[in-house]
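Here the structure comes first, spelled out in structure tokens, and everything after it is commentary.
The values are calculated or read from the model by the stated rules, or taken from the named source; none is laboratory data. A quick note: this is a predicted structure, and the numbers were derived from the prediction, not measured. Cβ atoms come from the backbone with ideal geometry, glycine included; neighbour counts cover every protein chain shown.
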Number of protein chains: 2
Amino acid sequence: MTSTSDEGWRKVPEAELTRRIKLVQASMEKHGVNALIVTAQDNFIYLTGFDSPTWVNLARPRYCVVPARGELILVVPTTNLSAVERMTWVRDIRSWVSPNPVDDGLSLVADAVCATTEPEGVVGMEIGPQSRLGLPATDFMALRERLLPRRLADADGLLREVRKVKSPFEVAAIRAAAEATSRAFAGLAGQSLTDRDECSIVQDFRALLFAEGVEDAPYLVAESGFGGYPSLQMAPSSRRLSDGTVLSIDAGCRVGGYFCDFNRNFCVGRIPDISRRADDLLWQATQAGIEAARPGSTAADVWYAVAQVLDRGLEAIGGRRTRSGRMGHGIGLRLTEPPSVHPEDTTVLVPGMVITVEPSAEFEIVTPAGTAKRMLIHEENLVVTYDGPQLLSMRAPRGLPAAR
Amino acid sequence: MTSTSDEGWRKVPEAELTRRIKLVQASMEKHGVNALIVTAQDNFIYLTGFDSPTWVNLARPRYCVVPARGELILVVPTTNLSAVERMTWVRDIRSWVSPNPVDDGLSLVADAVCATTEPEGVVGMEIGPQSRLGLPATDFMALRERLLPRRLADADGLLREVRKVKSPFEVAAIRAAAEATSRAFAGLAGQSLTDRDECSIVQDFRALLFAEGVEDAPYLVAESGFGGYPSLQMAPSSRRLSDGTVLSIDAGCRVGGYFCDFNRNFCVGRIPDISRRADDLLWQATQAGIEAARPGSTAADVWYAVAQVLDRGLEAIGGRRTRSGRMGHGIGLRLTEPPSVHPEDTTVLVPGMVITVEPSAEFEIVTPAGTAKRMLIHEENLVVTYDGPQLLSMRAPRGLPAAR
């Protein structure tokens, strides 16, 4: 027993964080940005190693200021102070009693930024595509005023650019999440799913996930339907799995703050032929996408490799690609990160990038009650290495696994 | 088996949603707001009944437009379309293929708002205290430009004001979450915690939560320490519980999208006398707060009732209140909502308001390694009724429960 009770914490190593901060500061210099104000959970974790369930609580924002050179400055509510002191290596931590409707940390943040940047400087905040600010918009606009005449730039794009290539430490975390999730899926495949409902199946799956080492499962989606599912976006329902049903579970699970993101399909009884054929096409398309994810290829190359297999095969069975906007994406501290596996994303794949390959198909199916639109999705996670793609998820077996 | 596979969904009844929309439109009229653009998960659920894990995915925003009169307009990504059609009663649903870096739904939203409001109108978006926008700030600023000359107002405060008083449907959901969580805590109290680590205990607790009917547990905080904990903000660590340890678990768990939020303390072996005395004071202070939560009292009255008991007793043992900013708060679709149990919050409590009473104390303790700062927290959830406060959480027993 010691007076500090931090023995149990898994801190991100200081050398790893120092390396990240240097990469970010180099990118800031390149883009002419003199300071960043970071408020989103994922970017905050990336820079400080500090994660906590308290991001669910919107009452109390947290700020990380990245100066052009030198060490981070954290501005956190007093309630977070002890945890931030124990979980990070940051020495300059400032705090205020929050919630404070008049000044919820803004003065402390403005002071920190103004003391480290010239009035003609540029300050980055998370405002670009696919970003979310971790503070109220009114506070954002007030902060922006207080920083004048400093100009505003997007910090999120800059951080995502740096974060696109993962360190071995980061790949290990995603791999741990993907492997634990794969083992949980394998455990589920050994169970009888017939006549059970989605909720109870996902409850068992969740127990398996945590038993296998997943630390958090914020994205657990499950849908089922005769011969396929209508979409793959919802929490599980009380729908029962009967003959001909395909159930899909899509799992965004975290270890050390890092996400894996892939689904598995399960079927009960006799599945319509068109569903079996579409499923096999998706397996082949995924395989093509995985094999295309080599260093030097682009995200678009992966898309074309997947689309070529899909389009040819789906035409033969009267199906088509879904309009999902892309067929894969980066993963990391966010469930979806750049690049997008999209025909217009020309990001060159380099070793350390971690992406999903995620083709989906839709088709009409004849049910006892009439025709219905159905879809099927496959997804795998991989890291690009010098030797080519390396799977992080355990490759789905070819052919829909029948539940016992 | 039907061609629509929506039998398993639990939809919020149309009458409940119609009532909510009318309340919001009445408040809009009162405040001179002609349309709302809602993007945050909790407000979106409140208005439409649509919840989904897809809010974790920042790539694809969702918009709910509330006109001054008449029905909602939803603008959602094509990937959400089928789920939104099945889960809501909304008839006017528009969609686009997202992510689209050039126009991620903005044109559709601007068109919907401009068609239903005059140029001199006022449009509300979620920008006020404790709000978060569900779209990138750059898109928010672009949307604001496109709506000109319409003026911008805060939609979040308006919605929270309406949401402050819960319907019986809403209270039932919070009660279900609180009762399931209470049963899970009771199950944990029956287990031996000695020499186990926080992670494994929370893993068991999570399994109990889902077995008892909790649908989602996005806020599971656990900390432990000799005679108290250093803070109560973190995910569980691998710290082992030894003689003299107090473990606290704070649980924000959801049913039907609605949160409960309360903690329980457990102890192992012989606890220092100061900790036992502080714990008993907190129990008494919580009791005083619960009893003060009568219709007609203010949130500040509850604060004073709690503070009076605490301050008197803590002085005697050399402790003090923590600087947490408040001693309780509203709960609902957000983990923390107005009112704040704070000396300056003069919100009058009315039947249907659901709040937490959450006193905390800090004190110095002598450990084998020297003196250390420790805290203890108690928390209960209640609904204000015409007959007075009614507990939703099962009242914590007086006295720290010793683990076996």
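Things to note:
- Pick from region B:242-254, criterion modelled with pLDDT of 95 or more and not hydroxyl-bearing (Ser, Thr, Tyr), ranking: farthest from B:Arg398 (Cα to Cα): B:Arg254
- Within region B:173-183, restricting attention to residues that are within 15 Å of the chain's Cα centre (by Cα) and not β-branched (Val, Ile, Thr), the residue that is surrounded by the most Cβ atoms within 10 Å (Cβ to Cβ) is B:Ala177.
- So A:Ser231, is it closer than 28 Å to A:Arg374 by Cα, facing another protein chain (nearest Cβ under 8 Å), in contact with a Lys or Arg (Cβ under 7 Å, 6 or more places away or on another chain) and among the polar types (S, T, N, Q): no
- Verdict on A:Gly256 being surrounded by fewer than 22 Cβ atoms within 10 Å (Cβ to Cβ), assigned by TED's automatic domain parsing to the domain that holds A:Leu333, more than 20 Å from A:Arg374 (Cα to Cα) and under 19 Å from the mean Cα position of the chain (by Cα): yes
- If only residues of region A:184-199 that are more than 10 Å from every other protein chain (Cβ to nearest Cβ) and in a helix (DSSP H, G or I) are counted, the one that is surrounded by the most Cβ atoms within 10 Å (Cβ to Cβ) is A:Ala184.
- Considering each residue of region B:292-304 in turn, at least one proves to be under 21 Å from B:Ala396 (Cα atoms) and not hydrophobic (A, V, I, L, M, F, W, C).
- Leading residue by the ranking (surrounded by the most Cβ atoms within 10 Å (Cβ to Cβ)) among those in region B:81-109 that are more than 7 Å from chain A (Cβ to nearest Cβ) and small (Gly, Ala, Ser): B:Gly105
- Filtered residue count, region A:110-136, keeping only those that are more than 8 Å from chain B (Cβ to nearest Cβ) and not in a loop (DSSP other than H, G, I, E, B): 10
- For the criterion of being closer than 30 Å to A:Pro343 by Cβ, within 14 Å of chain A (Cβ to nearest Cβ) and surrounded by 21 or more Cβ atoms within 10 Å (Cβ to Cβ), B:Asn57 passes.
- Residue in region A:314-330 that is nearest to the chain's Cα centre (by Cα), counting only those that are more than 11 Å from chain B (Cβ to nearest Cβ) and closer than 21 Å to A:Asn263 by Cα: A:Gly328
- Failed condition for A:Thr367, given (1) within 27 Å of the chain's Cα centre (by Cα); (2) buried (at least 16 other Cβ atoms within 10 Å of the Cβ): (1)
- Single condition A:Glu364 does not satisfy, out of (1) touching a helix residue (DSSP H, G or I) at 6+ places or on another chain (Cβ under 9 Å); (2) within 30 Å of A:Val171 (Cβ to Cβ): (2)
- For region B:26-36, the condition of being assigned to a strand (DSSP E or B), surrounded by 22 or more Cβ atoms within 10 Å (Cβ to Cβ) and modelled with pLDDT of 95 or more holds for at least one residue.
- A:Val90 vs. criteria part of a strand (DSSP E or B), under 19 Å from A:Arg19 (Cβ atoms) and not aromatic (Phe, Trp, Tyr): no
- No other residue among A:Arg395, A:Arg326, A:Arg334 is modelled with pLDDT of 95 or more, basic (Lys, Arg) and surrounded by 17 or more Cβ atoms within 10 Å (Cβ to Cβ) apart from A:Arg334.
- Given (1) surrounded by fewer than 20 Cβ atoms within 10 Å (Cβ to Cβ); (2) more than 9 Å from chain B (Cβ to nearest Cβ); (3) in contact with a strand residue (DSSP E or B) (Cβ under 6 Å, 6 or more places away or on another chain); (4) farther than 16 Å from A:Arg144 by Cα, index of the condition A:Ile73 fails: (1)
- In region B:221-249, the residues that are outside any loop (DSSP other than H, G, I, E, B) and either surrounded by 21 or more Cβ atoms within 10 Å (Cβ to Cβ) or touching a helix residue (DSSP H, G or I) at 6+ places or on another chain (Cβ under 6 Å) (or both): B:Val221, B:Ala222, B:Glu223, B:Ser224, B:Gly225, B:Phe226, B:Tyr229, B:Thr245, B:Val246, B:Leu247, B:Ser248, B:Ile249
- When residues in region B:147-171 are screened for being within 14 Å of chain A (Cβ to nearest Cβ) and under 16 Å from the mean Cα position of the chain (by Cα), 5 of them pass.
- Qualifying positions in region A:112-157 - of a type in the set (Asp, Glu) and in contact with a helix residue (DSSP H, G or I) (Cβ under 9 Å, 6 or more places away or on another chain): A:Glu126, A:Asp139, A:Asp154, A:Asp156
- Region B:106-124 residues that are modelled with pLDDT under 95, paired with ones that are in a loop (DSSP other than H, G, I, E, B) and of a type in the set (S, T, N, Q) (beta carbon under 8 Å, 6 or more apart): B:Thr116/B:Asn34
- Among the candidates B:Ala305, B:Ala288, the residue that is free of Cβ contacts under 8 Å to residues at least 24 places away in the same chain, touching a Gly at 6+ places or on another chain (Cβ under 8 Å), more than 21 Å from A:Asp104 (Cα to Cα) and away from chain A (no Cβ under 14 Å) is uniquely B:Ala305.
- Scanning region B:312-323 for residues that are surrounded by fewer than 17 Cβ atoms within 10 Å (Cβ to Cβ) and out of contact with any Asp or Glu (no Cβ under 8 Å at 6 or more places or on another chain) turns up B:Arg312, B:Glu315, B:Ala316, B:Ile317, B:Arg323.
- Within region B:346-391, being in contact with a Pro (Cβ under 6 Å, 6 or more places away or on another chain) and either on the phi > 0 side of the Ramachandran plot or of a type in the set (D, E, K, R) (or both) holds for no residue.
- The numbered conditions (1) surrounded by fewer than 19 Cβ atoms within 10 Å (Cβ to Cβ); (2) more than 14 Å from chain B (Cβ to nearest Cβ) are all true for A:Thr346 except (2).
- Only one entry in B:Asp243, B:Asp261 is within 14 Å of another protein chain (Cβ to nearest Cβ), under 30 Å from B:Phe44 (Cα atoms) and among the acidic types (Asp, Glu), namely B:Asp261.
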